[in-house]
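The values are calculated or read from the model by the stated rules, or taken from the named source; none is laboratory data. The structure displayed is predicted, hence computed values, not measured ones. Cβ sites come from the backbone with ideal geometry, for glycine too, and all protein chains shown count toward neighbours. Note: accessible area is taken over every heavy atom of the protein model, side chains too, but ligands, DNA and RNA are not part of it. Shrake-Rupley method; radii C 1.70, N 1.55, O 1.52, S 1.80 Å.
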Amino acid sequence: MDNFLNVQEGLSWAISNLIPVMGIKLDLEKAYDSVLWPFIFGVLDWLKFPPIFTGWIRGCLIGAKSALFINGELTKDFTLKRSIRQGCPISPMLFSLITQVLCVMFDRCLERDEVKGVMIPGMLEQLCLQLFADDSLLIIQATRECWSNAMSTFTSFCDLLGGKVNISKSKVIWALDSPRPDWALEIPWGWVLSGQVCLHLGLPLGV
């Protein structure tokens with residue numbers, strides 16, 4: 001909830017101070033099903049989890065089997081090669097750990113000024129990436145460079161993860177009263193313009 005409110009506050013503050021920003025609501029296509037196991041194990045090693053813990057996670061994942069229910073009949077079992085299971089108690093924790101990589105990637109972009117967020121008075125750092133489970137919200141300055149670098153960073157993370165952006169469910173929030181420039185019109189995503197809202201986690205998000 002705090003992440004959602006941070007983005008809504010950031011958009012509202014930017015508009016009132018005439019700062020051109022855009023919000024990006026990113027949806028990962030079948031996020032849990034796409035996760036590559038080597039990436040999970042690599043993240044656990046990077047975060048310096050004890051080898052015994054990583055071994056437990058390996059034991060939970062490797063060798064797991066599943067089956068499909070098609071036309072009233074259950075198929076033969078097949079061995080899984082990727083994914084973390086929906087409904088498994090450890091899956092949200094694992095996905096949360098994985099997204100720490102995305103946080104670090106965007107922190108480095110901010111440090112190098114490749115992506116610029118919003119600096120609200122009273123906050124210690126720029127408001128940029130906000131995460132909740134497999135839902136991501138970005139707030140960046142509305143320039144071609146920031147958009148390009150932000151999407152390049154997110155795509156690089158998806159390549160590591162094994163997933164991709166679900167364009168049909170992702171949205172761009174244009175926090176400006178002025179018309180969108182040509183580079184923005186080329187973005188083939190759903191748009192939320194001034195006076196419109198979209199739902200995020202069941203709550204209205206817009207400007």
If you take the residues of segment 135-190 that are open to solvent by less than 60 Å² (accessible area, probe 1.4 Å), in a strand (DSSP E or B) and over 25 Å from D113 (Cβ atoms), which of them is modelled with the lowest pLDDT?
-> D135
Any idea which of (1) out of contact with any strand residue (DSSP E or B) (no Cβ under 8 Å at 6 or more places or on another chain); (2) open to solvent by 90 Å² or more (accessible area, probe 1.4 Å); (3) acidic (D, E) is the one D77 doesn't satisfy?
-> (1)
State the number of residues belonging to segment 92-105 that are more than 15 Å from D135 (Cβ to Cβ) and surrounded by 14 or more Cβ atoms within 10 Å (Cβ to Cβ).
-> 4
Top-ranked residue in segment 106-134 [being outside any loop (DSSP other than H, G, I, E, B) and touching a Gly at 6+ places or on another chain (Cβ under 7 Å); ranked as surrounded by the fewest Cβ atoms within 10 Å (Cβ to Cβ)] | L110
Qualifying positions in segment 7-48 - among the polar types (S, T, N, Q) and modelled with pLDDT of 85 or more = S34
In segment 93-116, what residues are under 18 Å from the mean Cα position of the chain (by Cα) and either modelled with pLDDT under 90 or among the basic types (K, R) (or both)?
-> R108, K116
Pairs under 7 Å by beta carbon, first residue at pLDDT 80 or above in segment 120-132, partner part of a loop (DSSP other than H, G, I, E, B), six or more apart or different chains?
-> Q126/G117; Q126/M119; L127/G117; L127/I120; C128/V115; C128/G117
Quick one: is L102 assigned to a helix (DSSP H, G or I) and in contact with a Phe, Trp or Tyr (Cβ under 6 Å, 6 or more places away or on another chain)?
-> yes
Give the residue that is farthest from Q86 (Cα to Cα), with candidates limited to residues of segment 60-73 that are free of Cβ contacts under 8 Å to residues at least 24 places away in the same chain and open to solvent by less than 60 Å² (accessible area, probe 1.4 Å).
-> G72
